[in-house]
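**Q** What follows is a single structure, and I will ask about it in a moment.
Throughout, read-outs are computed from the coordinates displayed, never taken from laboratory work. No experiment lies behind these values; they were computed from the predicted model shown. With ideal geometry, Cβ positions are generated from the backbone for all residues, glycine too; neighbour counts draw on all protein chains shown.
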Amino acid sequence: MKKYLPIVMTAFALSLLSGCSTNTTSQYVYEIDEQQLEDATALTRTSPHLGHVVWLNPPKKRVKVDENTPQP
């Protein structure tokens, strides 16, 4: 039984890895959320207590890719 264990584990690992490689096309793309950027900028203009907003990681939104549009 112990001599078949490495073979079974290797076969199981390869089957899991092959399942991940079949998903090649992405249905969504992430774009910067301009609306959320504008909202944060508007808050700094209306409140005297807020300072300048610096985005280290700008907010992003998930957008569905149109099938007719070519992808880079």
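**Q** Want the number for residue 11 to residue 45: 0.36 nm per residue separation, take away the alpha-carbon distance, what's left?
**A** Details: separation 34, 0.36 × 34 = 12.24 nm, distance 6.02 nm.
Once the chain is fully extended between residue 11 and residue 45, it gains 6.2 nm.
**Q** Using a ≥ b ≥ c from the Cα gyration tensor of segment 25-66 (square roots of the eigenvalues), is it rounded, prolate or oblate, where a/c under 1.5 gives rounded and otherwise the larger of a/b and b/c decides, a/b for prolate? Walk me through the intermediate numbers first.
**A** On the way: a/c = 6.77, a/b = 3.02, b/c = 2.24.
Prolate.
**Q** Could you work out how far apart the two model spin labels at residue 31 and residue 54 are, taking each label as a point 7 Å from the Cα in the direction of the beta carbon, and quote it in nm?
**A** In this crude label model, residue 31 to residue 54 measures out at 2.9 nm.
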